[in-house]
Amino acid sequence: MSATIYPAHIPANRFNPYSKEELFYRRLRDELDADWTIYYSLKLITPDTPLRELDFVLTGPAGIIAIELKNSQFRLTEPSLAKSDPVHAPPQWEFFNRLHKAWEPYAKAAYHSPLEQSRTALEQLLNFIQNHNQGKQLIGQPSVLWLCFLLKNHGSPDPVAQALDQHQPEDDRQYTVLQMHPNEAGHCIFRQTLRQRRISLRQIIDACIRSHQLVPVEPAKVHDLQRLIELNLNYVTSFNVRQSDHRKHMMALTRQQYRNLYIVDQGGRLLLQGPAGSGKTLVILEAARRANKKARRTLIVCHSSNLTAFLDRASADFEHVRVTTMSSLCLEIIRHFEADFAQRNRDAREPSRQVRLSEMQYLKEVLPSKTLEFVTAYTNDVLQSPYELLLIDEGQDLLSENEMLILNELVSGGFQRGNWLLCYDPSQSLYGPIQAGLDYLRSQAAVDTTLSHNIRTPAEIFHYASSFVNASVQVDARLDDVTGLQFVSWKDERDGLLALQRALNYAIHDVGLKPHEIVILSPYRKMHTPPIGARRSVGEYSIKLIETGQPTLDKVGFAEIRRFKGLECAWVILCGVDDFKNPQLANSIFVALTRATVGATVMFKQGQTVPWIPQSSRQS
């Protein structure tokens, strides 16, 4: 397996799509093994020191390796590298200014040579680690190294440009590096070394480790180091990045999840129960990818239009896969036989809170009941043949009797003999009882299994959310807390708007998120959610409804909880809960808070009883 790298995708370089950083990003990721974790463009902010950015930082069994890339041509004013001290004689360094076509002194910030820049970058990283580890250094000097790649310079013919170790294999003796002073924890690597096709970056790094005789680091200390970096530098992968790279994430899934996919691959029938954030949607997408590769006609069905929009984008390249909501599927079937059905039933979906029950009756009763009249004819006459694989995400929303009967007709062999996967979580059921539907599917010779790890929501938030529901599966929340759970109270509408603005300020200015990485979730529509109501902005922040499964750039999102199921966001602000003890809202609260990947804010009106506020949480 290849190394783990943060971020999971390199941002596109709009000026030079073939930048050397992008090349090194790919090579380091692909050529180093799974023992290494790589941090790209790591930014350090320490007291009394300007912002410092390191091109790459490698952490692994050998310790810490800081890498700087230099894509300019350098020279020393002395005729021989052997007669100069490249670290402690900064005036001797010059670089070729391609714009002016002339050699100019290299003087950047507080350092006067690219080697000094590399050395001080490593020193500042070690200071950063010490400052964030109660003044103690996790990794000692014998286990750290800096490497400076001079990408446009050939090595000097002087003896100082020599092989790293005369006893290493023939290929390793071809390295050309600039040896530093024996006490200098670094190496300089030249262009001709990288141009040798038989030599990988892993070989270069291993040779430098041997030359410097780095002292191996205990695995527990490596883990603590990586955790410190990821927590303090906010290396939390966003939802869209993780999902768009779902194939890579499937490689890290547990053996249990692989076994579940194997059951589906072999034509089996699978009921997969998993808590929020356990990767059920990733399993759905991976199953779809594998089926598409075999040219198998596949149908993915869910209830939420936002989740459907996301799944549709994620599977856009799967030509044999169709994604739809249950309601859209029902309407499509009905319209083939009664074209004016939707128009005649428009009143059933009037957008007001008072008739919400009628809307649910329309979606869960009227549509499925009418569809049953035509589904068999539709399958035979329109589809020509049923789907070969049926995948149902957020299945707890689609377990009514009529919905089961419809889906039974659409998959080849039905639920009893067909190939299908239904993922569900009882804690996220918002549309009535589900036990009868589950019992029916279990009676169809389905394999019933569970996932038990939440890999999305920080532990404190997940455990607080779980306190509202009776989870039927013991869940292990594996994501460390970055900021903790925030609680914000307000007394009237004006105070509520100020409190909401403070919550947004905290997430954006203190935590460092973008507005579109924040979503306000409510059990109700926006106009019925205090204190925001019909407002389109709060302070300086614009608020935009999330209608296609993804936020609008630089705008804070808003969504009803039920429409945001299956999705996630860096920061969740829970609003509009008028009674935290109302059992009918318990699952909605759980769903809302478990959408968060970084942090969450719970807003409540003064006088409300809010269960179990953790001592470590912040309240304002």
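The values are calculated or read from the model by the stated rules, or taken from the named source; none is laboratory data. Since this is a predicted model, take the numbers as computed values, not measurements. Positions of Cβ are generated from backbone atoms using ideal geometry, with glycine treated the same way; all protein chains shown enter the neighbour counts. The protein model used for the area step is the full one, side chains on, heavy atoms only, and it has no ligands, DNA or RNA in it. Shrake-Rupley method; radii C 1.70, N 1.55, O 1.52, S 1.80 Å.
The convex hull drawn around the Cα atoms of the range 399-438, when projected onto a plane and averaged over every direction, covers 3.0 nm². Of the accessible area of the range 500-563, computed with a 1.4 Å probe over protein heavy atoms only, carbon and sulfur atoms account for 47 percent.
Counting charges near residue 377 (Lys, Arg +1; Asp, Glu -1) among other residues having Cβ under 14 Å from its Cβ returns a value of -3. Counting only Cα atoms, the range 479-603 measures 35, 35, 29 Å along its principal axes, largest extent leading. Taking the Cβ-Cβ separation of residue 195 and residue 467 as r and a Förster radius of 51 Å, what is the calculated FRET efficiency to the nearest 0.05? E between residue 195 and residue 467, to the nearest 0.05, is 0.30. Legend: Rg and Dmax of the range 366-405, from Cα coordinates, 11.4, 30 Å. Pair-distance distribution of the range 407-468: all C-alpha pairs, bin width 5 Å, starting at 0; shares per bin in whole percent are 4, 12, 20, 20, 17, 12, 8, 6, 1. The packing ranking, built from the mean of other Cβ atoms within 10 Å per residue, places the peptides 301-307, 374-380 in the order 301-307, 374-380, highest first. For a straight C-alpha distance cut-off of 27 angstrom, the lysines reachable from residue 221 (same-chain residues fewer than eight places away being disregarded) are 43, 136, 248. The listed residues 603, 527, once ranked by accessible area (1.4 Å probe) with the largest placed first, stand as 527, 603.
Report, in listed order, any pair from 20/70; 526/555; 280/526; 526/581; 514/544 with a Cα-Cα distance greater than 18 Å. Over 18 Å Cα-Cα: 280/526; 526/581. With 0.36 nm allotted per residue and the present C-alpha distance subtracted, the residue 316-residue 501 stretch has 62.9 nm of extension available. When the Cα convex hull of the range 260-350 is projected onto planes of every orientation, the mean area is 7.7 nm².
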